[in-house]
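Worksheet: the structure to be examined is printed underneath.
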Amino acid sequence: MNKVITLDNPPVNALSFKYSEKILKEIEDAENDPSVTSVTVTGANGFFSAGVDVNDFQKDWDPSGTTVRDIIETIERSDKVFVAAIDGVALGGALELALACDRRVATPRSKLGLPEIKLGLIPGAGGTQRLPRLIPPQEALQMMLKGETVSAERALELGLIDEVIPDVMVSVSNHPEHVILSSASSVRESKGEGPLKKRRVSEMRVQLPATAQAFALPYIIAEAHKSVPPEENGGLAAHKLIDAVQAAFELPFPRGLAREYRLFDELVASAPSLALRHLFFAERELSKIPGLPPAEPLEIKTAGVVGGGTMGTGIAITFANAGIPVTIVEPNADQIGKSRQTIFGMFMHQVKRGRLTQEEAWKRGQSIAFSEDYAALADCDLVIEAVFENMAVKKEVFGKLDPLVKPGAILASNTSTLDIDEMAAITKRPEQFLGLHFFAPANIMKLLEIVRGKATSAQTLATAFKLAKKLRKVAVLSANAFGFIGNRMFFEYTREAVALAEEGVPPARIDVAMKKFGMAMGPFATFDLSGIDVFWHVAQGRPDLELARTPILDRLYEQERLGQKTGKGFYKYAEGSREAIRDKEIEQLFAELAKKAGVKQNPDVSDEEIASRIIGALIMSGEEILRDGVALRPGDIDIVWIYGYGFPPYRGGPMFYSQEALAHA
Ligand code: T1G
């Protein structure tokens with residue numbers, strides 16, 4: 001008889017330590033039941049399992065309790081045939097459980113993967129030893145290093161599964177005995193191999209392709225180590241993963257497994273993994289707004305964008321990519337031409353990269369309409385403005401929009417620093433008004449700050465969060481305060497960098513020190529990328545800003561040294577190049593300004609001191625933002641800085657980093 005065991009632990013059938021005890025008992029019962037000849041493990045609700053419950057991996061986790069390892073070892077010892085029948089997602093420890101089975105079948109929509117690396121871990125229940133035995137080892141290594149999922153079709157090509165089972169699997173819950181048997185038997189029939197036999201992956205050998213020479217293994221391992229970041233810069237788990245896979249090549253299964261377990265247990269307590277697991281949950285907290293009454297989100301079926309500049313065009317592309325038809329209102333015909341060109345170029349680039357079919361690109365391009373007339377937006381469900389960063393200009397836009405768009409439409413501003421309530425006040429719909437602050441380039445950057453006005457309703461906020469998910473953005477709620485969360489902190493972060501430059505530390509050296517800390521880009525390179533005029537304009541409107549009081553921005557603005565866009569900023573750039581070249585002129589300019597201001601010089605400060613001062617300023621600003629109630633949680637601030645400003649994820653974000661730094665001080 002075939003016994004069916006169904007993983008059923010909503011919402012994602014996670015194999016928590018507690019739930020693993022239940023499943024282990026079911027498997028042991030099947031093992032001890034002489035009438036059972038085969039066991040099929042499947043998942044409930046169209047979901048196999050998301051793997052081990054990440055909540056269970058607290059810093060001092062106790063591996064002596066029942067875990068998915070015990071389930072897998074029981075399957076391994078059994079002489080009964082185990083079939084994993086996958087419908088939906090099979091990740092991490094759940095896929096490792098399937099790897100311990102003798103057969104794996106999956107429905108066409110299934111996705112399989114070992115994403116542990118994204119949590120700063122490695123597969124810790126045999127995945128690093130079984131996957132390279134079942135599929136080509138280089139494919140196995142890359143799949144685990146990238147933490148990517150593969151489709152059922154790709155899994156079949158690789159040999160990760162034996163059969164793609166049509167939708168018969170979806171009825172597994174109401175005909176368990178019959179259907180699973182047929183699926184298992186379909187594996188038998190299609191392979192014509194008679195009754196299913198035991199086929200332990202652990203007994204297979206890791207096979208290098210016949211073309212590979214004897215020296216291939218050391219070369220493959222050496223190349224793999226070179227292909228990942230250094231251990232201290234986010235590469236710790238990757239290097240340990242390569243060590244574990246090397247053991248699969250070189251050691252008998254039991255010893256390779258022991259090495260994997262040891263490496264995994266070390267990583268669970270490692271700082272990068274604690275940081276990445278913090279971010280995993282912080283990201284899933286974002287849309288939980290304490291005190292907000294439940295509200296049904298509206299469906300945004302059509303959108304309008306006022307302003308066809310860089311931001312407006314990027315925002316329109318974002319809507320088109322999410323399948324939401326969008327109209328850009330832009331009075332300037334030349335600007336419309338430029339916007340059309342940008343859109344066409346972007347979609348062609350996606351086609352060239354194989355990310356979009358020609359037909360899909362054309363469809364998305366066609367879903368973006370242009371008009372010089374606001375009336376074209378009358379029926380839109382949401383209209384966002386992305387015009388010049390000036391309050392009068394924005395008020396004029398909303399003064400035109402409010403009487404024109406339909407009563408239920410939401411109006412939004414893409415402003416990065418201006419007062420949302422002041423804009424809402426000139427409309428008759430403050431409840432349906434909010435800020436949607438996209439980050440440039442809007443169609444690439446995943447971060448979206450949702451800015452809540454005094455009157456913004458719960459339904460408008462719920463709609464914005466639902467829209468963000470559809471736009472594939474990571475949305476963080478901000479109160480309506482200057483600079484919201486990211487930029488307000490960025491001004492303090494860059495202020496400290498400028499202070500160090502005034503003390504005689506070359507900007508180029510400051511950027512190197514911040515990249516060594518793990519930032520994707522140094523502060524001065526960021527100034528040049530965003531445009532020094534952007535900061536200068538903001539500073540004009542905010543004399544209270546410390547950054548506004550530094551003379552350097554005025555000097556650069558006067559000299560039209562605006563950054564990459566003018567070929568000179570804090571760095572200089574060769575014609576048509578974005579490569580930053582150190583510019584002694586800037587260092588002389590800082591020296592003159594510092595002398596005039598009587599700033600004490602301190603040019604020999606260490607890289608660590610540079611990073612500590614700049615990150616310290618960032619953290620203090622984050623603490624102020626929490627005190628002012630601008631951000632809901634420290635984790636929200638961390639997510640803003642990971643997705644919006646290139647803070648190193650393996651340090652968990654500025655607020656997590658500050659706690660860790662304090663804890664180890
Ligand atoms: N553990 C605990 N909770 C999880 C979870 C997990 N593995 N996966 C999801 N959740 C929760 C999540 O916090 C949220 O909770 C809800 O489920 C819906 O998630 C030994 C050690 C499965 C693709 O890394 O990739 O196995 O906010 O909003 O967009 O080698 O969740 O509703 O309270 O993301 O539909 C490896 C992580 C674990 C998979 C579904 N597995 N999860 O995406 O929903 S380590 C993973 C995901 C491991 C072994 C190792 C996604 C998803 P709440 P969601 P979704």
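May I ask you to say which residue of Ser64, Ser110 is out of contact with any strand residue (DSSP E or B) (no Cβ under 7 Å at 6 or more places or on another chain) and of a type in the set (Ser, Thr, Tyr)? Don't jump to the end; show me each part of the working.
Values: Ser110 fails: out of contact with any strand residue (DSSP E or B) (no Cβ under 7 Å at 6 or more places or on another chain).
Result: Ser64 is the single residue among Ser64, Ser110 that is out of contact with any strand residue (DSSP E or B) (no Cβ under 7 Å at 6 or more places or on another chain) and of a type in the set (Ser, Thr, Tyr).
If you take the residues in the stretch 1-49 that are among the β-branched types (Val, Ile, Thr) and assigned to a helix (DSSP H, G or I), which one is farthest from the ligand (Cβ to nearest atom)? I'd like the intermediate steps shown before the answer.
Step one: of the stretch 1-49, the residues among the β-branched types (Val, Ile, Thr) are 4-6, 12, 23, 27, 36-37, 39-42.
Then keep just the ones that are assigned to a helix (DSSP H, G or I); that gives 23, 27.
Numbers: Ile23: 14, Ile27: 17 Å.
Restricting to residues being among the β-branched types (Val, Ile, Thr) and assigned to a helix (DSSP H, G or I), the top hit is Ile27.
Mind checking whether some residue in the stretch 343-352 is of a type outside the set (S, T, N, Q), modelled with pLDDT of 95 or more and in a loop (DSSP other than H, G, I, E, B)?
no
Check Lys446, Lys515 and return the single one that is surrounded by fewer than 23 Cβ atoms within 10 Å (Cβ to Cβ), within 18 Å of Asp636 (Cβ to Cβ) and of a type in the set (D, E, K, R). Before you say what the answer is, go through the steps one by one.
Values: Lys515 fails: within 18 Å of Asp636 (Cβ to Cβ).
Being surrounded by fewer than 23 Cβ atoms within 10 Å (Cβ to Cβ), within 18 Å of Asp636 (Cβ to Cβ) and of a type in the set (D, E, K, R) holds for just one of Lys446, Lys515, which is Lys446.
Among (1) surrounded by 22 or more Cβ atoms within 10 Å (Cβ to Cβ); (2) at pLDDT 95 or above; (3) of a type in the set (A, V, I, L, M), where does Ala106 come up short?
For Ala106, the exception is condition (2).
Being touching a residue at least 24 places away in the same chain (Cβ under 8 Å), over 25 Å from Gln559 (Cα atoms) and in contact with an Asp or Glu (Cβ under 8 Å, 6 or more places away or on another chain) narrows it down to one of Val599, Val605, Val630, so name that one. Even if it seems obvious, please write down each step before you answer.
Details: Val599 fails: over 25 Å from Gln559 (Cα atoms); Val630 fails: in contact with an Asp or Glu (Cβ under 8 Å, 6 or more places away or on another chain).
Step by step, each of Val599, Val605, Val630 is checked, and only Val605 is touching a residue at least 24 places away in the same chain (Cβ under 8 Å), over 25 Å from Gln559 (Cα atoms) and in contact with an Asp or Glu (Cβ under 8 Å, 6 or more places away or on another chain).
Might you let me know whether the stretch 383-393 holds any residue that is crowded, with 23+ Cβ neighbours inside 10 Å and under 20 Å from Val474 (Cβ atoms)? Even if it seems obvious, please write down each step before you answer.
Narrowing the stretch 383-393 to residues crowded, with 23+ Cβ neighbours inside 10 Å: 383-386.
Next cut, under 20 Å from Val474 (Cβ atoms) only: 384, 386.
Yes, some residue in the stretch 383-393 is crowded, with 23+ Cβ neighbours inside 10 Å and under 20 Å from Val474 (Cβ atoms).
Does Arg77 satisfy the condition of being among the basic types (Lys, Arg), more than 14 Å from the ligand (Cβ to nearest atom) and buried (at least 21 other Cβ atoms within 10 Å of the Cβ)? Walk me through how you get there before you give the answer.
On the way: among the basic types (Lys, Arg): yes; more than 14 Å from the ligand (Cβ to nearest atom): yes; buried (at least 21 other Cβ atoms within 10 Å of the Cβ): no.
No; evaluated as a whole, the condition is false for this residue.
Of all residues in the stretch 134-154, which are away from the ligand (no atom under 16 Å from the Cβ) and assigned to a helix (DSSP H, G or I)? Even if it seems obvious, please write down each step before you answer.
As a first pass, look at the stretch 134-154 and keep what is away from the ligand (no atom under 16 Å from the Cβ): 135-139, 142, 153-154.
Residues satisfying the conditions are Pro137, Gln138, Glu139, Gln142, Glu153, Arg154.
State whether the residues of the stretch 451-461 include one that is part of a strand (DSSP E or B) and either more than 26 Å from Phe647 (Cβ to Cβ) or among the hydrophobic types (A, V, I, L, M, F, W, C) (or both).
Taking the stretch 451-461 first, the residues part of a strand (DSSP E or B) are 451-452.
Right, trim to either more than 26 Å from Phe647 (Cβ to Cβ) or among the hydrophobic types (A, V, I, L, M, F, W, C) (or both) and you get 451.
Yes.
Can you name every residue in the stretch 81-125 that is away from the ligand (no atom under 12 Å from the Cβ) and among the charged types (D, E, K, R)?
Asp87, Asp102, Arg103, Arg104, Arg109
Can Tyr657 be described as farther than 30 Å from Gly453 by Cβ and either in contact with an Asp or Glu (Cβ under 6 Å, 6 or more places away or on another chain) or not in a loop (DSSP other than H, G, I, E, B) (or both)? Before the answer, list the steps.
Numbers: farther than 30 Å from Gly453 by Cβ: yes; either in contact with an Asp or Glu (Cβ under 6 Å, 6 or more places away or on another chain) or not in a loop (DSSP other than H, G, I, E, B) (or both): yes.
It is true that Tyr657 is farther than 30 Å from Gly453 by Cβ and either in contact with an Asp or Glu (Cβ under 6 Å, 6 or more places away or on another chain) or not in a loop (DSSP other than H, G, I, E, B) (or both).
Inside the stretch 468-538, counting only helices (runs of 4 or more DSSP H) that do not spill past its ends, which hold 2 or more residues that are in contact (Cβ under 8 Å) with a residue 12 or more places away in the chain and among the aromatic types (Phe, Trp, Tyr)?
486-502, 523-530
The values are calculated or read from the model by the stated rules, or taken from the named source; none is laboratory data. No experiment lies behind these values; they were computed from the predicted model shown. Positions of Cβ are backbone-derived with ideal geometry, glycine not excepted, and every protein chain shown enters the neighbour counts.
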